[in-house]
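A quick write-up on the structure given underneath.
The values are calculated or read from the model by the stated rules, or taken from the named source; none is laboratory data. None of the values given here were measured: they were computed from a predicted structure. In this analysis, Cβ positions are derived from the backbone assuming ideal geometry, glycine residues included, and neighbour counts consider all displayed protein chains.
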Amino acid sequence: MTCRIQPHMLATRDGMPMKPGLPAYHAHPAPPRDPMTRFRYDAATEGLEEEDLGPSKTSVKVEMLDLQELGLALLELPADRFARIEMDERLREAFQELQRITNLSARKRQASYIGKLLRDEDSAAFRKLLADYQHGKEQAARGFPEIARWRDRLLSDDGAITEWFSRYPTGDTRPLRTLVRNARKEEAAALAEAEFSGKPAAKGRYYRELFQHLRTVVDAAALPPD
């Protein structure tokens with residue numbers, strides 16, 4: 001007696017019934033193929049094996065451009081801070097060469113070379129260094145109003161300088177004391193001239209230099225250590 005297999009009697013390997021009219025070879029569809037995988041013939045097993053082709057050209061290009069931008073960003077750091085970064089000597093020489101190049105096309109080629117060298121470096125450490133530096137700069141910028149208040153206090157209050165050094169110990173106190181003394185003399189002369197001329201007192205050189213000195217100290221205290 002011949003038994004005809006009906007479609008509802010078929011099942012897939014996982015036990016699920018096969019849909020009527022679905023050919024048997026559709027019961028187990030092939031897994032989606034990775035576009036970065038190709039097959040090669042293996043003589044030992046007489047079958048096909050998957051061969052990983054690695055990253056695509058597009059992803060490599062994106063990575064290289066990203067590393068080039070990283071290199072240019074590192075070069076924007078202050079010279080003394082950049083000099084303290086640990087890196088391979090070839091990379092340091094490549095940066096120095098880039099600083100000497102003025103031709104635009106040559107600079108692009110050198111930046112590309114730096115990107116290639118950075119592939120062998122710990123780029124994550126460089127990115128963290130840049131992030132820490134930027135964070136420190138932002139903190140320093142937010143401190144500008146405080147610096148201005150310190151400057152005004154130092155010019156009007158003799159006890160403010162002791163409080164300043166208590167908060168920002170810098171070792172040698174003479175530069176700040178000299179700036180404060182000169183700025184006070186300058187301010188007194190400007191006020192006398194303004195009273196005589198009837199015009200507002202102008203802010204002079206030492207007034208601005210005092211602010212810059214205070215800013216340098218605050219910036220150094222805000223930036224993370226190397």
- prompt: Which condition does E138 not pass, out of (1) surrounded by 12 or more Cβ atoms within 10 Å (Cβ to Cβ); (2) within 21 Å of D80 (Cα to Cα), if it passes all the others?
  reply: (1)
message: Which of the numbered conditions does E187 fail, given that it passes all the others? Conditions: (1) outside the structural domain of R81 (by TED's automatic domain parsing); (2) exposed (fewer than 11 other Cβ atoms within 10 Å of the Cβ); (3) more than 22 Å from R81 (Cβ to Cβ).
response: (2)
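If you scan region 107-146, which residues turn out to be hydrophobic (A, V, I, L, M, F, W, C) and closer than 19 Å to D66 by Cα? Spell out the reasoning first.
To start, the set of residues in region 107-146 that are hydrophobic (A, V, I, L, M, F, W, C) comprises 111, 114, 117-118, 124-126, 129-131, 140-141, 144.
Listed by number, the residues that qualify are A111, I114, L117, L118, A124, A125, F126, L129, L130, A131.
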query: Quick one: how many residues across region 190-223 are part of a helix (DSSP H, G or I), farther than 28 Å from E138 by Cβ and at pLDDT below 90?
result: 8
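Given the structure, is E163 within 38 Å of the chain's Cα centre (by Cα) and in the same structural domain as T216 (by TED's automatic domain parsing)?
For E163, the condition - within 38 Å of the chain's Cα centre (by Cα) and in the same structural domain as T216 (by TED's automatic domain parsing) - is met.
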